[in-house]
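Accompanying notes for the structure given below.
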Amino acid sequence: MPIFNRTLDEHKQDFKNRKFLAMPLAGLFAWLVVGIAGLMLPTTVMVWVLFGMTGSIVYLGMAISKWTGEDFKDRTRPKNALDQLFFLTVGQALLVYALAIPFFLVDPTSLPLSVGILTGLMWLPLTWMIDHWVGAFHAVARTLVVLVLWYAFPEHRFVAIPFAIVLLYGVTIYVLHNRKIESGNRPAPQPTH
């Protein structure tokens, strides 16, 4: 079905019926690698691990989407306007490196703060797109937790912040996996006797 022959509500219904597990699983994996590396590597190396892993989340998500049944590259699925919006939010998250890099050049330990918060903002529009609170939860909790940990653990920013983000991804994945998906195609419940 062409993209223009459907209403916004039809696009939204189709979009919110998806699993949304591939990208958060990719984010969890990337930030887990950053946290583990933070336990072992000096800051001068850690910054490159953080840049590389967080910059590759979209590509990891594309690969993982085949295993979660979401397959982002599936050309047989009807086009959906919200797919374009979602990938624009991903692009927005990548553009924030323009803020993170100048602060990183002044203070390399600012990187977990700036990248941790700014790339997490893409979760906020997802709340509207899927009519579920989990996107707002992730964005707001991530912002607050990263900010608090950045001040609370100045010597362990490359460990505390990534592991906190991993924990938030874990909660988010759990909620997404268990959320009730409202589908217009779902059969009506049968009456109990």
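FYI, it's all coordinate maths here, none of it is from the lab. Just so it is clear, the model here is predicted, and its values are computed rather than measured. Backbone-built Cβ (ideal geometry, glycine too); neighbour counts: all protein chains shown.
Over the chain, calculate the relative contact order: mean separation of alpha carbon pairs under 8 Å at least 6 apart, over the residue count, as a percent. Answer for the chain is 30 percent. Sorted fewest first by neighbouring Cβ atoms within 10 angstrom, R179, R77 come out as R77, R179. What does the charge add up to near Y59, with Lys and Arg as +1, Asp and Glu as -1, over the other residues with Cβ less than 14 Å from its Cβ? Every neighbour counted, the sum reads +2.
Each listed q (0.09, 0.11, 0.13, 0.19 Å⁻¹) maps to a log10 I(q)/I(0) for the chain, found by the Debye formula over equal Cα scatterers with no solvent: -0.37, -0.53, -0.71, -1.31.
The length gained on full extension between D71 and D107, counted as 0.36 nm times the residue separation minus their Cα-Cα distance, comes to 9.1 nm.
Among Y169, Y151, the order by Cβ neighbours within 10 angstrom, fewest to most, reads Y151, Y169. A simple charge model with +1 on the Cβ of Lys and Arg, -1 on the Cβ of Asp and Glu and nothing else charged puts the dipole of the stretch 40-193 at about 340 debye relative to its Cα centre. Estimated purely from DSSP H runs of n ≥ 4, each contributing -39500 (n - 2.57), the mean residue ellipticity at 222 nm for the chain is -22500 deg cm²/dmol once divided by its residues. Positive contributions from Lys and Arg (+1) and negative ones from Asp and Glu (-1), summed over other residues with Cβ under 11 Å from the Cβ of T68, come out at +1.
With neighbour counts taken as other beta-carbon atoms within 10 Å, the residues H177, H11 rank, fewest first, as H177, H11. Within the straight-line cut-off of under 18 Å between alpha carbons, the lysines reachable from K180 are K12, K16, K19, sequence neighbours fewer than 8 places apart in one chain being disregarded.
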